[in-house]
Every structure is written in C-alpha cells, then in structure tokens.
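One structure is given below, encoded as structure tokens.
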Amino acid sequence: MKLFLAFITKEFKHILRDTRTLIILFGMPIVQIILFGFALTNEVKDSRIGILDYSKDEASQHIIHELDASRYFDIEANFSNPQQIDQAFKEGKIRLAVVFPANFRHSLFQQNTASIQLIADASDPNTATTVVNYASSILKSYQDEVLGEQTLPYTIQPEIRMLYNPQLKGAYNFVPGVMAMILLLISAMMTSIAIVREKELGTMEVLLVSPVPPILVIVTKAIPYVLLSFINVSTILILSVNLLDVPIQGSLLLLLGESMLFIFAALALGLFISTITNSQQVAMLASLMVLLLPTLIFSGFMFPIENMPKPMQFISNLIPSKWYFFIVRDVMIKGLGFKCVLKESLILVAMTIGFVLIALKNYKTRLE
Amino acid sequence: MNAIIANHLFKSFEKGKIKALEDISFEVKQAELFGLIGPDGAGKTTLFRILATLLLAESGDSSVDGLDVKKDYKAIRKRVGYMPGKFSLYQDLSVEENLNFFAHVFGTTIEQNYHLIKDIYQQLEPFKTRKAGKLSGGMKQKLALCCALIHEPSVLFLDEPTTGVDPVSRKEFWEMLKYLKSEGITILVSTPYMDEASLCDRVALMQKGKILDIDTPVGIIEKYPKKIWSIHASNMYALLQVARAFPNTHTCFGFGESHHLTLNHDAEDYDAFCQYVQEHYKEPFQIQEITATIEDCFMALS
C-alpha cells in the first residue's frame, strides 16, 4: 500500500511539474468547447444578403423588413442593377440576393401570383440550401399573412416538431462528440505517452530490475489520469450547461458512470498502445492516428454514419468513441435511461476487457 | 560459491546480423570488484542486461547469487542493484524524492540502510531539493549509485558509471566502490577507461563481443610479452610517421602525451631504432623504457 502511494505521488508530481502536460490537460477541454461552441458551428446565422428591388412598393418593403428582422440575415447591400449582384457574389460580399420584379405588389394582388428571384452562392452547397430555405420560409409566412383568414379548399398543413433539440442547436450534437474526443485523447494518449516516457528515459529498465510487479507500474500510471479525465468530464458538462445552454436531460449519475466506463476503455487502449511503442513520438502519432481521426470521422458527430458505405460503417463499429458518443447523446440530450444504452455499455465493457488482455499479453517483463 | 557465473553466453541482435556476445564465460567471486574493460560496442551493456535479467541469452546459462537468471529472475531482482549506462532516474524529481521513491520500490527506507550510502549522500545533501535533471554529471552518478544501493543489494551491476564524470568525482566514485566491496558486496563494473582497470580486483578485457583475457590487473600487465618504450618530441605527428617507417617497428600508438613503441626484436633493435629516428627526424627526441599499461595489453590482445 505504501508502495502504491509512492507510485501515485510520483505520478502526480510528474504531471504537475510539466507545464506542457498541464496545459493540454486543462486547456484543451475549455478551448475545444469554446471553439466548437462559437467558432466552428454549422448553424447559419447573420448571413449577408443583398436586395435588388425594382418595385419598391409596400409588399416588397414589408418582405425586406421581415428578412432584415430575422436573425438569419443581415442586409448588406441594396443594388440598383444586376451587374452589382454579380460583382457582390464575385467579391464574396453576400451569400444570397433577393430580386423583386417591377410591380410586385400589383401582380401579387391583381393577378394572384408574383415571383421573387433568390440567387444563392452555391460554392458551399449546404449553406446555400439552408439560406434559401430560411428565405423561403419567411416568404411563406408573408404569404400566409396576406391570405389572412381565407382558407384554401385543400391544404396540407405540416405540423413540425423538432424532438430533443427544438432550436436545432449544433451544440447538442458536438458536446457529446467533444466529450468523446477529449476523454479519449487524455486517457489514452497521455497514459500511453507517460508509460512510454519511462521506457525512453530508461527508468523502466531500473524499475524492471526491482521487486515491483510491472503491473503496479502500469496501473499507478493510469490512476491519476482517471481522476484528471473525470475533472475534465465535469468541466465540459459545466461549460455546456452554463455557457452553451445544453441541458442534461437524463440522469447525471448515469452520464458520469458511463463516462467512467469510457475512461477505462480509453485507458486500456492507452496501455495497449504503450506496449507496442517505444518512443514518445510514436506513441503520440499512434494515438492521434488511431484515436483522434477515427473519432472525428466515425463517431458520427461530424458525418452521419448512415450515409457511409457499408465497409466504413463496419469499421465505425470498432471505434470505442462511437459507442460513447451514442451513449452521451442518448442520456444527455434525449434523456434516456440505462436500459436504452445497455447494448452500447456492454460493447464498451467488452472492448475494455479486450484491450486489457491484449496489453497484458504484450507486456514484457524484460526489455525485448 | 561464486556470486556471478556466466557460462558460454551468446547473444545477437537483428536476426543474427549483429553478434553482441560470443561465447562469454567468467566467474566473479563473492565480494570481488570485477571490471569489464572494453571500448564502446564491446558488448558490455548487453552482458549487464543479461545478468540483470533484462535480456535472455540465446544460449548458455548464467547465475547471480546462485540463482538462474532465466528461471529465478524475480528472486534476483530483489537482491541486485542495477545502474544502467544511461542516467535513469526521474529528472523532474528532486534528489531526495528520487531516493525516497527507490527506497519504497525496494520496500525499505533511507534510514534503514543509511550506513551504506552515508558517504555519498553527505556529498549530495546540500543539493537534496534540486531536481535530478539539474545535477552535474558526477552528482547524477552518485545519486544513481545511492538509489541502486538503497536496499543493500548483495550484487551490484554498474554499467559505465564513470563515463562523462570529471576526474575528481571519478576518484571519489572508485573509493566508494572499494568501501562497498569491504562491506561484502560483489560488484561488476564496466568502463571504457583503461586507467580504472587497475582499481579492480580482476578484469575481463572485452572486444567485439568476446573476452580477450581475464586476470588481475597486475597479472595482465605481467603477461605483456614485449619491452615497451615511450617516445616524445616536439613534433609528435612527424615522430609517429618516422617511428612507424622504421622497418623493425612492431607497433607504435599515440598515448596522449607520448607514443608507445614496441620493436620486433625488443632490445636488439633499440640502437638501430634510435639511429634511424635521428637520421630521419633530425630534431632531438626522448625515449625511455616503461612498464606496460592495461591499455597496451588491450592493444596487444586485440
């Protein structure tokens, strides 16, 4: 027990005396949450648009006012001829141009039909579609207003409800993703680097020629990172609830418990990496290649897995962070209980046991 | 019983391409200070790692304290002290923290075996809060020795402990080894410095994975078959050229401040040699007969 404590104290000293490690440990979660929360978002807000109004009547002014009032658009320019629109798109000043033909109001109320041209910059297709949709819905609401109480003989009125995330906030999707990414990086990468550092500096050699069971060296390496990862989970949760307004719908206890499970899985993975690498650089590269990229690509938090070809979907099953991402989304966002994430949890348990077994099998009591 | 026995050890790396050890056999008696002398790449570190249970030999067997290095490696690890060639303590921990940690590793305390490390530790004490990475080379090695001694090992493996250490610290280090020997600890030490060989009880001269000779330092020097002279002049390089050009020169090597010379027929060629150098070197030079050093013996054997 004294020995155990001596190892743990030593490990904490290593971490606390290394500013680089500390910055990664505590800076990364905060930076990532803020980055994803405010900078890297795929929501469309305050898109710059331009108006070319040939009609300048009451109806067109009303619509322009509505567009300007919406939080999706900012009116950047008012044009007087089509060449200016062209120029503005070329310079990248606007994402969307709205063109009202002459006599807009007249044709709308006298001929019961009027057209408006929407020109979007489709060099980014997703944004273009989104912007056009927002604009269309504003036009539609104006149309409804004009129709007033009149009812058309046949109408289908879709009643749309966005479940779990009514405001369609990007944060609901990336908070689980960031949690998966950070826990994996800290638990797996930092642990594997810490173990490999002992090999690289030769201290492992001295510890091997001692009565200390090698497993103790490894386990005590991992324990401080369990604690630090747990602090990180808490930081991310506090930040996302208070800063990003992402509520925790399900049980906090379950969420923390599942996070611990994932931390163990990631640690096991880190141990495995440390048994097959001999230098800190290789361990770091291996962690980044094996952990970070697949987490970004295959966990489904950036690209929907359903859209991937079958072989890629199959690969995604092997990525532990995918399962954790699902669990966090289900528990935190959808508010589901343990029963619903049982399958995912069992898969993580199995992966953890698997990695530990392989790591133990690979672990050397000698130098080669 | 011999403290260390190595029996026909073979070891190669990279699928046999590099032969690190070829048929290494030797025995070290209890409380003996045994030196492995040889240049870099002689296989000293590999031999240490095999005896310290870190590597397995391809063939041959060896034992430490009567325990087989392969079967009883766990028991051996409890009773040996090992100091690798590279500084292998925690650079970000202080002197005291390192020592305390290794005391814990071996299930002991600094106080329990303080008598063994007292002399060295007193030198380290003024720096005990300093990080190990910030110590001088000599201090680092003293600390490493302390850490290797903390559990009162019966056998001590020291792989090049004085490499990169200043002469004063080297001297202190060897005095420490003598003291430990007097306490009954068997010490196997390697060094590339030939002058340190004379401080051992017995030495094994190693090169390219083979042992060239094993004897006491005096014994090795006495075996030296030829007369040996030291020559000196103002232009050492020209002197070396001339000395080597003499037809009956056996060997002539630069040895720091002078050249060491052996002649094919020893004393018979002496006059002819002096005459030859006078004719060709043209400037004054000194020559005097000396007793061979371990390094001369090493050169003669290899």
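The values are calculated or read from the model by the stated rules, or taken from the named source; none is laboratory data. Note that the structure is a prediction, hence the values are computed from the model and not measured. Positions of Cβ are backbone-derived with ideal geometry, glycine not excepted, and every protein chain shown enters the neighbour counts.
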Open item on the list: Can you tell me which residue is surrounded by the most Cβ atoms within 10 Å (Cβ to Cβ) among those in segment A:199-229 that are facing chain B (nearest Cβ under 9 Å) and touching a helix residue (DSSP H, G or I) at 6+ places or on another chain (Cβ under 6 Å)?
Closed with: A:V209
Task: Residue pairs meeting the criteria (Cβ under 7 Å; at least 6 apart or on separate chains; first within 7 Å of chain A (Cβ to nearest Cβ), in segment B:76-90; second of a type outside the set (G, A, S) and assigned to a strand (DSSP E or B)) - done: B:V80/B:V64; B:V80/B:V155; B:V80/B:F157; B:Y82/B:F157
Open item on the list: Which numbered condition in (1) at pLDDT below 90; (2) surrounded by 14 or more Cβ atoms within 10 Å (Cβ to Cβ); (3) farther than 21 Å from B:Y193 by Cβ is the only one that B:F246 fails?
Closed with: (1)
Open item on the list: Which count do you get for residues in segment B:186-210 that are surrounded by fewer than 23 Cβ atoms within 10 Å (Cβ to Cβ) and among the hydrophobic types (A, V, I, L, M, F, W, C)?
Closed with: 2
- [ ] Note down all Cβ pairs under 9 Å where the first residue falls in segment A:306-319 and is assigned by TED's automatic domain parsing to the domain that holds A:L292, the second is polar (S, T, N, Q) and part of a helix (DSSP H, G or I), and they're at least six residues apart or on different chains.
- [x] A:E306/A:Q313; A:M308/A:S316; A:I319/A:T295
TODO: Kindly indicate the residue of segment B:249-262 that is within 19 Å of B:A197 (Cβ to Cβ) and more than 21 Å from the chain's Cα centre (by Cα) and also surrounded by the fewest Cβ atoms within 10 Å (Cβ to Cβ) among those meeting that condition.
DONE: B:F253
Open item on the list: Among the residues that make up segment B:68-75, is at least one of them touching a residue at least 60 places away in the same chain (Cβ under 8 Å) and not hydroxyl-bearing (S, T, Y)?
Closed with: no
Open item on the list: Can you tell me which of (1) exposed (fewer than 15 other Cβ atoms within 10 Å of the Cβ); (2) modelled with pLDDT of 90 or more; (3) not acidic (D, E) is the one A:G270 doesn't meet?
Closed with: (1)
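Residue-wise test of (1) exposed (fewer than 14 other Cβ atoms within 10 Å of the Cβ); (2) within 14 Å of chain B (Cβ to nearest Cβ).
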residue	(1), (2)
A:T19	yes, yes
A:I23	yes, no
A:V31	yes, no
A:V44	no, no
A:I51	no, no
